[in-house]
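K.L.:
Before I ask anything, here is the structure I am working with.
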Amino acid sequence: MVPVLSVADNGKTIDLRVGHSVLLRLPENPSTGYGWTLDADSRLVEIGEKRHVHSSETVGGGGESQWSIKAMAPGTTMLRLKHWREWEGEGSVTERYEVGLVISA
């Protein structure tokens, strides 16, 4: 079973082995124009395409964004995300999320 990271894991450090994956899930409502952007070291981790999963059938309803993150090489890195309206710049950031990854062979 793939471990799942959530809002509760913000600021934590996670141990991961090369070849293993985690699933990152964060709440998001794209109809507001705000979304999460993820930054990570592509030499150490492979980030799967962002998926949005709706939590309601209501038009404009929220849900969560999900990414699959696979450890590719040993090392230490940070997953850094910000919740913002990209076209409005840094001043629009409403939330930040960080998780440290310690990747072993």
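A short reminder: the numbers here are calculations on the coordinates, not readings from a lab. Source: prediction; values computed, not measured. Heads up, the Cβs are rebuilt from the backbone with ideal geometry, glycines too, and the neighbour counts pull from every protein chain shown.
K.L.:
Compute the distance in nm between two label points, each set 7 Å from the Cα along the Cα-to-Cβ direction, one at Ser55 and one at Asp41.
P.N.:
Distance between label points: 3.2 nm.
K.L.:
Right, here's the next one. I need two numbers for the chain: Rg to one decimal and Dmax as a whole number, Cα atoms only, in Å.
P.N.:
When restricted to the Cα atoms of the chain, Rg and Dmax are 14.2, 45 Å.
K.L.:
Sticking with this one: Counting other Cβ atoms within 10 Å of each Cβ, which GluC sites (Glu not before Pro) in segment 15-105 have at most 11 and sit in a DSSP loop?
P.N.:
For GluC sites (Glu not before Pro) across segment 15-105 that sit outside H, G, I, E and B with at most 11 neighbouring Cβ atoms in 10 Å, the list reads Glu49, Glu57.
K.L.:
Could you tell me the extents of segment 1-60's C-alpha atoms along the three principal axes, largest first, rounded to whole Å?
P.N.:
Dimensions of segment 1-60 along the principal axes of its Cα atoms: 40, 23, 21 Å.
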